[in-house]
Amino acid sequence: MSNNDIYQPSLFSDAELGLNDQYTQEGPVCCLGMEFDNDEARREYFRNELRKRLPELRKIEGFPIGTDDDIIRLSDPPYYTACPNPWLNDFIREWEDEKVELEHEGKRDKQFRVSEPYASDVSDIKNDSVYRAHMYHTKVPHKLIMRYLLHYTEPGDIVLDGFAGTGMTGVAAQACGDLENQDWETIEADIDVKKQKRGLRHAICGDLSPYAATIAYNP
Ligand SMILES: C[S@@+](CC[C@H](N)C(=O)[O-])C[C@H]1O[C@@H](n2cnc3c(N)ncnc32)[C@H](O)[C@@H]1O
């Protein structure tokens with residue numbers, strides 16, 4: 001018997017899950033090489049695709065216990081899926097192509113090597129509003145992760161956090177592309193960020209916990 005044969009009433013309403021507030025951009029959007037009239041159309045298309053792929057995905061060990069409908073409702077594919085994400089390779093292909101462009105533009109160095117290890121004191125950055133937005137055990141401030149990303153990676157690099165919790169690695173990767181709007185004092189504390197190449201990093205975040213994944217998805 002599959003999970004879909006068992007009637008499982010939803011524990012939460014859409015509003016409680018934050019599904020009514022899903023990220024929506026007005027106007028045309030491009031996603032994985034496809035154009036859509038708006039984000040709603042993009043979500044609809046990929047939700048249908050996810051539904052078709054669920055029978056195959058359910059064969060993966062550790063697939064979450066839940067009905068197809070609930071997994072689809074929780075997901076905002078291809079960016080966030082409440083189950084193994086079948087579009088990871090597509091994203092990686094796109095990002096690898098982007099790396100070549102960034103190298104041509106001189107925004108990343110193909111020969112980049114890290115010559116020194118980096119260690120940092122985290123005590124000064126736990127007052128941040130993003131850090132305090134949700135309680136989570138062993139939560140890591142995104143500004144600390146930014147320091148590591150800026151030291152160890154180049155713009156366009158892909159970072160995997162398979163134990164992502166509340167998704168602070170994703171926030172940090174995004175914020176590396178938006179340094180102008182960051183609070184410099186806490187990022188520059190003991191690293192000369194100006195020497196580093198600024199620019200977006202891409203993060204793949206996963207977590208076993210539906211609670212963590214829901215926080216990470218909902219900005
Ligand atoms: C230390 S917490 C990470 C917190 C995260 N750094 C943050 O800032 O929110 C470790 C995470 O690993 C997750 N985890 C534990 N075992 C896992 C597994 N086998 N696969 C995926 N995630 C797992 C837990 O649910 C927990 O959210």
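Tallying residues that are more than 17 Å from T214 (Cα to Cα) and either β-branched (V, I, T) or part of a helix (DSSP H, G or I) (or both) within segment 48-66 yields 11. Taking the conditions (1) open to solvent by 60 Å² or more (accessible area, probe 1.4 Å); (2) assigned by TED's automatic domain parsing to the domain that holds R198; (3) within 16 Å of the ligand (Cβ to nearest atom) in turn, I65 satisfies each one other than (2).
Here Y79, Y131 are screened, and the one residue that is aromatic (F, W, Y), at negative phi and within 14 Å of the ligand (Cβ to nearest atom) is Y131.
Criterion first (within 30 Å of G33 (Cα to Cα) and within 16 Å of the ligand (Cβ to nearest atom)) does L144 satisfy it? Criteria not met by L144.
Going by what's in this entry, would Y152 be described as more than 15 Å from the ligand (Cβ to nearest atom), open to solvent by 60 Å² or more (accessible area, probe 1.4 Å), free of Cβ contacts under 8 Å to residues at least 60 places away in the same chain and under 30 Å from L102 (Cα atoms)? Show your work before the answer.
Values: more than 15 Å from the ligand (Cβ to nearest atom): yes; open to solvent by 60 Å² or more (accessible area, probe 1.4 Å): yes; free of Cβ contacts under 8 Å to residues at least 60 places away in the same chain: yes; under 30 Å from L102 (Cα atoms): yes.
Answer is yes for this residue.
Beta carbons closer than 7 Å, at least 6 apart along the sequence or on distinct chains, pair a first residue in segment 131-142 that is under 11 Å from V171 (Cβ atoms) and of a type in the set (A, V, I, L, M, F, W, C) with a second that is open to solvent by less than 40 Å² (accessible area, probe 1.4 Å) and near the ligand (Cβ under 8 Å from one of its atoms) for V140/M168. The C-beta contact set for segment 82-102 (first residue over 22 Å from K59 (Cβ atoms), second residue in a loop (DSSP other than H, G, I, E, B), distance under 7 angstrom, 6+ apart or interchain) comprises E94/L32; W95/G156; E98/G156; K99/R108; K99/G156; L102/R108; L102/P155; L102/G156. Looking at F91, F46, just one residue is over 18 Å from I158 (Cβ atoms) and either touching a Phe, Trp or Tyr at 6+ places or on another chain (Cβ under 6 Å) or at pLDDT 95 or above (or both), and that residue is F46. Listed by first and then second residue, the pairs with beta-carbon distance under 9 Å, at least 6 apart or on different chains, first residue in segment 25-41 and under 14 Å from Y79 (Cβ atoms), second part of a loop (DSSP other than H, G, I, E, B) and among the hydrophobic types (A, V, I, L, M, F, W, C), are L32/W87. Can you tell which of R93, R108 is in the same structural domain as M168 (by TED's automatic domain parsing), surrounded by 14 or more Cβ atoms within 10 Å (Cβ to Cβ) and of a type in the set (D, E, K, R)? Among R93, R108, only R108 is in the same structural domain as M168 (by TED's automatic domain parsing), surrounded by 14 or more Cβ atoms within 10 Å (Cβ to Cβ) and of a type in the set (D, E, K, R).
The values are calculated or read from the model by the stated rules, or taken from the named source; none is laboratory data. Worth saying up front: this structure is predicted, and the values here are computed from it rather than measured. Counting neighbours? That spans all protein chains shown, and the Cβs are built from the backbone with ideal geometry, glycine included. Heavy atoms of the whole protein, side chains included, go into the accessibility calculation; ligands, DNA and RNA do not. Shrake-Rupley method; radii C 1.70, N 1.55, O 1.52, S 1.80 Å.
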